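Q: Sharing a structure here in structure tokens format.
The values are calculated or read from the model by the stated rules, or taken from the named source; none is laboratory data. Everything numeric in this text was worked out from a predicted model, so none of it was measured. In this analysis, Cβ positions are derived from the backbone assuming ideal geometry, glycine residues included, and neighbour counts consider all displayed protein chains. Note: areas computed on protein heavy atoms with side chains; ligands, DNA, RNA excluded. Shrake-Rupley method; radii C 1.70, N 1.55, O 1.52, S 1.80 Å.
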Amino acid sequence: MVTGSIDPRRPTPYIASMAKREILILPDPKLRVKSEPVTAVDASVRALIDDMLETMYDAPGIGLAAIQIGVPRCVVTMDLAKKDEPKAPQVFINPEVVWSSDEKSTYEEGCLSIPEYYEEVERPAAVKVKYMDADGKSHEIEADGLLATCLQHEIDHTNGVLFIDYISKLKRDRVMKKFKKAQKRGETTRDAYKEDTPEHRIG
Ligand code: K1U
Ligand code: ZN
């Protein structure tokens, strides 16, 4: 006999388990796809957020956009807590820059989809971003410092833009050449970049 009823809003534990996903690596063409806005924060979006956080912490990274795991939806996760601080996960759904400062700042950026490559990028020093949280509530924040840099980097991902688009053509061509060569060797996962080999050096 079956008693009680199933609450459709409650995740069934065996379905709701988090999963680490593979992060797409340059030159995967999906990284150039523009993501679709989220219309409702439903169970599929919550499961996506869980997987993104797991993947971001495992990498490790300070941010991740859904398209980096092959999902073209405007969802971003972030955690800017320092090593000795407790975890501080942040979720930005449909994030959009609504104002940016004329003042610029430069930060040496990295990208989980472009392993072991770091370059200085100049961006607006401060931005106002509107977004929805994981409960579907709308917010607007003003950010500067690393938060401003990271938000702009991740919002760029949702529009198919990568930080190498802001560096010189000469440097970008070198990076593209290196990653295309690596792809030909079958190195299509981040694990392939864990070892520093001469093939992975850019120059
Ligand atoms: O979007 C991404 O690819 C994640 C990226 C975010 C980012 C880093 C730096 C400037 C702007 C945006 C990363 O997380 S790269 C890895 C990284 O920065 C890091 C990893 C471990 C500890 C501290 C930083
Ligand atoms: Zn990135």
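Q: Anyone know which of Gln68, Gln152, Gln183 comes out most mobile in the 10 Å Cα GNM of the chain?
A: Gln183
Q: How far, in degrees from 0 to 90, does helix 169-184 lean away from the longest principal axis of the Cα atoms of the chain, to the nearest 10?
A: It is inclined by approximately 60 degrees.
Q: First select every other residue whose beta carbon is under 12 angstrom from the beta carbon of Gly61; then total the charges, Lys and Arg +1, Asp and Glu -1.
A: On the way: positive: Arg190; negative: Glu54, Asp58, Asp79, Glu109, Glu154.
Overall, the nearby charge balance is -4.
Q: Pulled fully out, how much extra length does the chain show between Val98 and Val161, if you take 0.36 nm times their separation in residues and subtract their Cα-Cα distance? Intermediate results must be reported in sequence, preceding the final value.
A: Numbers: separation 63, 0.36 × 63 = 22.68 nm, distance 1.75 nm.
Gain on stretching Val98 to Val161: 20.9 nm.
Q: Right, something else. Residue-wise, which Karplus ³J(HN,Hα) couplings in Hz belong to segment 121-134, taking 6.51 cos²θ - 1.76 cosθ + 1.60, θ = phi - 60°, and x for glycine or proline?
A: Values, residue by residue: 10, 9, 9, x, 6, 9, 9, 10, 10, 9, 6, 10, 8, 5 Hz.
Q: Still on this structure: Nearest 10 degrees, 0 to 90: what angle lies between the long axis of helix 43-58 and the longest principal axis of the chain (Cα atoms)?
A: Tilt of helix 43-58: around 40 degrees.
Q: How large are Rg and Dmax for the chain when only the alpha carbon atoms are used, in Å?
A: Answer for the chain, Rg first and Dmax second: 18.4, 71 Å.
Q: Just report the Cα centroid separation between segment 104-163 and segment 76-97, whole Å.
A: Going from one Cα centre to the other spans 11 Å.
Q: Leaving out ligands, DNA and RNA, and with a 1.4 Å probe, what % of the accessible surface on the chain is carbon or sulfur?
A: On the way: 6140 of 12100 Å².
Percent of accessible area from carbon and sulfur atoms in the chain: 51.
Q: Would you calculate, for the chain, the mean residue ellipticity at 222 nm contributed by helices, counting each DSSP H stretch of 4 or more residues as -39,500 (n - 2.57) and dividing by all residues, to the nearest 500?
A: Working: 3 runs with 46 residues, N = 203.
-7500 deg cm²/dmol, from helical runs alone.
Q: Which entries of Lys137/Lys171; Lys30/Lys137; Lys82/Lys128 have Cα-Cα distances beyond 32 Å here? All intermediate terms of the calculation are to be shown ahead of the outcome.
A: On the way: Lys137/Lys171 41 Å; Lys30/Lys137 29 Å; Lys82/Lys128 23 Å.
Table pairs above 32 Å Cα-Cα are Lys137/Lys171.
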